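Some notes on the structure that comes next.
The values are calculated or read from the model by the stated rules, or taken from the named source; none is laboratory data. Please read all numbers here as calculations on a predicted model, not as lab measurements. Positions of Cβ are generated from backbone atoms using ideal geometry, with glycine treated the same way; all protein chains shown enter the neighbour counts. The area values use the complete protein model at the heavy-atom level, side chains included, leaving out ligands, DNA and RNA. Shrake-Rupley method; radii C 1.70, N 1.55, O 1.52, S 1.80 Å.
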Amino acid sequence: MTLPLGVVFFAFFLLPMAQLVLVGASGEEGMSAYFSFLTKTRHLESTIATTLLSAGVTLVALAISTIVGLFLVRNRFPGRETLISLLTFPLAFPGVVIGFLIILLAGRQGLIGTMTKAVTGDKMVFAYSMLGLFLGYLYFSIPRVLLTIMATAEKLDISLEEAARSMGASQWRVIVDVILPALRPGLIASGAICFATSMGAFGTAFTLATNIDVLPMTIYTEFTLNANIAGAASLSIILGLITWIALFVARSLSGSTVAASG
Amino acid sequence: MQETTSVQIENCGKTFADGTQALEPINLSIEGGETVVLLGPSGCGKTTLLRIIAGLESPDKGGKILFNGENVTAKMIENRNVGMVFQSYALFPNMTVSENVGYGLKVRKMPARERETRIQEMLDMMQIHDLAERQIDQLSGGQRQRVALARAIAVRPRILLLDEPLTALDALLRDRLRMEIDALLRKLNITAIYVTHDQAEAMALGDRIVVMSKGKIAQVGTPREIYYRPQTDFVADFIGTINRLPGTEKLCRPEDIRIVAPDQASHVGVLAASQFLGDRTRLVLSGITEEDFIVEAPLRKDIPLGSDVPILIDDRFLIDPKAVGA
């Protein structure tokens, strides 16, 4: 049992990782390539922008999904099943399609552009800005987060809320003292997955990020256009490390529930 | 000790959104300080009635709940000042025992020092002082229900509502906690409404028992009245064991039947089964009625299966469900 497992682990995880680390250090700068994300302005900006974008997307996706998820779990109405399946529809889309949808919405020929031109005379285009990227990431993040939160919310014990209310707790206090603590494992798990996915998202960025830099795009540019293989490899490692740290923090915050409910 | 609160239930029915009627409009008056047990099989509407009194459900149009004459029907549970104890304990897993007990006080913005005193008082009363700093998942079922009781009474509620609080516990613990709850209710002199499907629990705790069946009140009375003067077959069957006498509508409790010498017997049955229960033996006789006839008597000796058992049914102990209010 351990031998095949060891072989697979070695061949598909350790070997490529080691190779990546070596390639990252093989350039003219050697090991210091790993600090390029601090020393090279472009790399630093890209790293900060990507991390902020992912953190923002995670927070907003969690907020929206918590409200929507609780509502969907608590209420039964005609069309509920259809609505849930529609909400999870974007799960199947590749990033390119999501980028395309954002262009249709906020691109030069997009819906918002046409509408704002008709109303104000100015065409509003933000598909290729940070906002467009943010919306795209949010769009594909919400289904993942929503499903996890709904699964956690299904298991909430209603009598806990009733007990709190019987002692005089307002709706707001019930949310803060009872519901959010109970949802915590699901929030941390889905938040970590959301953050990791956003950090590494390429398809959407490839479609939209013509003027802005996010890490996966920077890696792609270094690799294909500048043939800076060492730089690309070192940035890959940095990207992996930031995401890994985020998952690690999430894991230690919630015990070991990240893997379980993620 | 604070003033007690009476509860009037006027015309309270409950029809759920899917059209099922959980409760037909009922009327019930509960005195201040009284312990009333709502007893019935699952689905009889007892929990629905409790939830209407609590303010977790609203009654159908026309129904009213009054606390000491004040109409509280429109008030939500958070404004009714009731204490609730649940079958599932419903303790907050993210708080310690102390924090759970003090939660209602914190919500009411009681000053920290005063709150601490009240928490200590409650922990002492429920004898869970040693558990104060424990997490909830480190407690046994019995300990959890003690914490839940302490938490419910810490805010000094007007009435205490208990929804099958002992059902999740094992038999031995259930008996002990039942006695503790009984002592607690007497001590607090608080109006308490207790829901259970266990008739022994109902008899032990209730000043009055409300027997419910299919969304209706079948009978209201003291445990003695319910036991010895059941007004319907349902109540007679649900509370304890009962025998139907041949040829009449009359009923008889197993412990009121005596085993006598053959020449004094009013009936003779054949022993079909017997269970030695320690303090008494339960004999199942055939041949008296179509159904099994149950006799309970303190027996020192075994009676062999298949032998004749002469019994005497004293007329004084006969129960006539048709004689309403007898």
* Roughly how much of B:T248 is accessible, in Å² to the nearest 10, using a 1.4 Å probe? -> 70
* Structure fact -> As a percent rounded to 5, the proportion of antiparallel DSSP bridges among beta bridges in the protein assembly as shown is 70
* Round to a whole number: what % of the accessible area of the range A:44-261 belongs to carbon and sulfur, probe 1.4 Å? -> 72
* Asked: Per residue, how much accessible area does chain B have with a 1.4 Å probe, in Å²?
  -> 47
* Asked: Is it possible to state the helix-based mean residue ellipticity at 222 nm for chain B, with each DSSP H run of 4+ residues giving -39500 (n - 2.57), the sum divided by total residues, to the nearest 500 deg cm²/dmol? What is it?
  -> -8000 deg cm²/dmol
* Structure fact -> With label points set 7 Å from each Cα along the Cα-to-Cβ direction at A:L22 and B:D308, the distance between them in nm comes to 10.3
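Tell me, what is the FRET efficiency for A:A227 and A:S129 to the nearest 0.05, using R0 = 35 angstrom and their Cβ-Cβ distance as r?
For R0 = 35 Å, the calculated efficiency reads 0.75.
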* **Other-chain or far-sequence residues with amide H under 5 Å of B:M212's (modelled H)** => B:L39, B:G40, B:A218
* A:R184 versus B:A183, label points 7 Å from Cα toward the beta carbon: distance in nm? -> 3.6
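Relative contact order for chain B: what is it in percent, counting Cα pairs under 8 Å that are at least 6 residues apart?
Relative contact order, chain B: 18 percent.
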* To do: Nearest 100 Å² is fine: how much accessible area is buried between A and B, summed over both sides, with a 1.4 Å probe?
  => 1700
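Return the calculated 222 nm mean residue ellipticity for chain A, to the nearest 500 deg cm²/dmol, obtained by summing -39500 (n - 2.57) across DSSP H runs with n ≥ 4 and dividing by the residue count.
-23000 deg cm²/dmol
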* With a 1.4 Å probe and every protein chain kept in, tell me what percent of the accessible surface of chain B is carbon plus sulfur. => 49
* Structure fact -> Long-range amide H partners of B:G269, meaning residues 5 or more apart or on another chain whose placed amide H is closer than 5 Å, are B:V309, B:I311
* Which of these, A:Q109, A:Q19, A:Q171, has the largest mean-square fluctuation under a Gaussian network model of chain A (Cα springs below 10 Å)? -> A:Q171
* In whole Hz, what ³J(HN,Hα) sequence does the range A:4-14 give by Karplus (6.51, -1.76, 1.60; θ = phi - 60°), x for Gly and Pro? -> x, 4, x, 4, 4, 4, 5, 6, 9, 10, 5
* Structure fact -> Residue span B:N71 to B:R316: 0.36 nm per residue of separation minus Cα-Cα distance leaves a gain in nm of 83.6 nm
* Excluding residues on the same chain fewer than 8 positions from B:K64, give the lysines whose Cα lies under 27 Å from its Cα. => B:K14, B:K46, B:K75, B:K214, B:K216
* Structure fact -> Expressed per residue, the solvent accessible area of the range A:44-261 in Å² (1.4 Å probe) is about 47
* To do: Name the longest site-free stretch of chain B, where the excluded sites are trypsin sites (Lys or Arg not before Pro) in a DSSP loop with no more than 16 other beta-carbon atoms within 10 Å.
  => B:135-213
* Asked: With every protein chain in place, what's the accessible area of A:F9 (1.4 Å probe, Å², nearest 10)?
  -> 110
* Put A:E81, B:E3, B:E114, B:E24 in order of accessible area, largest first, 1.4 Å probe: what do you get? -> B:E3, A:E81, B:E114, B:E24
* Asked: Hey, can you list the residues from the range B:58-103 whose accessible area shrinks by 30 Å² or more with all protein chains present, relative to the chain by itself (probe 1.4 Å, no ligands or nucleic acids)?
  -> B:I77, B:E78, B:F86, B:A90, B:F92, B:N94, B:Y103
* To do: Using label points projected 7 Å from each Cα along Cα→Cβ, tell me how many nm separate B:L173 and A:R76, to one decimal.
  => 3.2
* **GNM top mover of A:S54, A:S198, A:S159 - chain A, alpha-carbon springs below 10 Å** => A:S159
* Asked: Quick one: ranking A:W244, A:W172 by accessible area, 1.4 Å probe, largest first, what do you get?
  -> A:W172, A:W244
* Enumerate the amide H contacts of B:I26 below 5 Å, restricted to partners 5 or more residues apart or on another chain; note that Pro and chain-start residues carry no placed amide H. => B:N11, B:C12, B:G13
* List, in order, the whole-Hz ³J(HN,Hα) value for each residue of the range B:110-117 obtained from phi through the Karplus relation with A = 6.51, B = -1.76, C = 1.60 and θ = phi - 60°; use x for Gly and Pro. => 6, x, 3, 5, 4, 4, 4, 4
* Structure fact -> Among B:T4, B:N79, B:G33, the residue whose Cα sits farthest towards the positive end of the charge dipole of chain B (+1 at Cβ of Lys and Arg, -1 at Cβ of Asp and Glu, taken about the Cα centre) is B:N79
